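Worksheet for the structure shown next.
The values are calculated or read from the model by the stated rules, or taken from the named source; none is laboratory data. Keep in mind the model is a prediction, meaning the values are calculated, not measured. Cβ: placed from backbone, ideal geometry, glycine included. Neighbour counts: every protein chain shown.
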Amino acid sequence: MLVVNIEQAGYSEGSEVLKDIHFSINPGELVGLIGPNGAGKSTTVKSILGILTNFTGTVDVSDYSYVPERPIFYDRATLWEHIDFLQTILEADEEEFRERAGELLEIFQLTEVIHHYPDSFSKGMQQKVMLILAFLRKPDLYIIDEPFMGLDPKATRILLNLLEEEKKKGAGILMSTHVLDTAEKRCDRFVLISEGRLVIQGSLSDIQDKAGLLDGSLFDCFDKLTEHES
């Protein structure tokens, strides 16, 4: 599903951002990638995606859908044209694909804007579009970077329900997030990174043990384990 072994990674030769990051994700598992700002979460995701030239290590990854922190769209293409283009690329069954697209558009309340340009949408609407495109692929693995940014509470609930459905189907999910209260309730395990190093990976109880806070919340444990950072 996903096995990550990063010996070192950065954006240019001699600029080591990550060192000794090792973790894996199993089928049907939601893993939260957490850490302070600048800890290396985005660099970890980019390492997995294979877009860093300065990288030493190995990444074994299944077919995946990626939802970036900042939505990316084609110029002068409507929402429906994005969906239609994805169906063409995937060579998916047209009837089944369009039926699923219709369901997701209705769930996220975007049916009225399918012929509009996503680059004119609000941040929340753009995030919904990226999520729809990701869920249409039906991958083995989802890699989602700060998925709650811009989403209202209703859309957040919809996203969490969809992720739960995908887990039940056997998909693995890597979710980079700062929303620790939601992560605590929804994630099966966590990968905590600080200053480009792996602090701990494991369940909430593992993190509580590491922090010495046996009844502590994820937020409290996070604060304790990263207290040396400004």
When you check Ala134 against the structure, is it touching a residue at least 60 places away in the same chain (Cβ under 8 Å), outside the structural domain of Val3 (by TED's automatic domain parsing) and in a helix (DSSP H, G or I), yes or no?
yes
Considering every residue within the stretch 69-76, establish whether at least one is surrounded by fewer than 16 Cβ atoms within 10 Å (Cβ to Cβ) and among the basic types (Lys, Arg).
yes
Residue satisfying condition, being buried (at least 16 other Cβ atoms within 10 Å of the Cβ) and either touching a residue at least 12 places away in the same chain (Cβ under 8 Å) or within 13 Å of Val17 (Cβ to Cβ) (or both), within set Leu49, Leu30
Leu30
Which numbered condition Ser65 misses (of (1) assigned to a strand (DSSP E or B); (2) hydroxyl-bearing (Ser, Thr, Tyr); (3) surrounded by fewer than 20 Cβ atoms within 10 Å (Cβ to Cβ); (4) under 18 Å from the mean Cα position of the chain (by Cα))
(3)
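Residues checked against (1) within 27 Å of Ala101 (Cα to Cα); (2) of a type in the set (Ser, Thr, Tyr):
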residue	(1), (2)
Arg137	yes, no
Phe148	yes, no
Met175	yes, no
Leu180	no, no
Gly196	no, no
Asp206	no, no
Ala211	no, no
Ser217	no, yes
Does Gly40 satisfy the criteria of being surrounded by 19 or more Cβ atoms within 10 Å (Cβ to Cβ), over 20 Å from Ala171 (Cβ atoms) and touching a Ser or Thr at 6+ places or on another chain (Cβ under 7 Å)?
no
Can you pull out every residue in the stretch 111-120 that is surrounded by fewer than 19 Cβ atoms within 10 Å (Cβ to Cβ) and of a type outside the set (Ser, Thr, Tyr)?
Glu112, Val113, Ile114, His115, His116, Asp119
Taking only the stretch 129-159 into account, find how many residues are surrounded by 17 or more Cβ atoms within 10 Å (Cβ to Cβ), under 14 Å from the mean Cα position of the chain (by Cα) and of a type in the set (A, V, I, L, M, F, W, C).
11
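Which one is surrounded by the fewest Cβ atoms within 10 Å (Cβ to Cβ), of the residues in the stretch 191-230 that are charged (D, E, K, R) and within 21 Å of Lys19 (Cβ to Cβ)?
Looking at residues that are charged (D, E, K, R) and within 21 Å of Lys19 (Cβ to Cβ), I get Glu227.
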Checked the stretch 9-18 for anything farther than 27 Å from Ser217 by Cα and buried (at least 17 other Cβ atoms within 10 Å of the Cβ); matches are Ala9, Gly10, Val17
When you go through Leu192, Leu225 one by one, which is the residue that is in contact with a strand residue (DSSP E or B) (Cβ under 8 Å, 6 or more places away or on another chain) and under 30 Å from Glu165 (Cβ atoms)?
Leu192
So is Lys168 surrounded by fewer than 17 Cβ atoms within 10 Å (Cβ to Cβ), without any contact (Cβ under 8 Å) to a residue 12 or more places away in the chain and of a type outside the set (Phe, Trp, Tyr) or not?
no
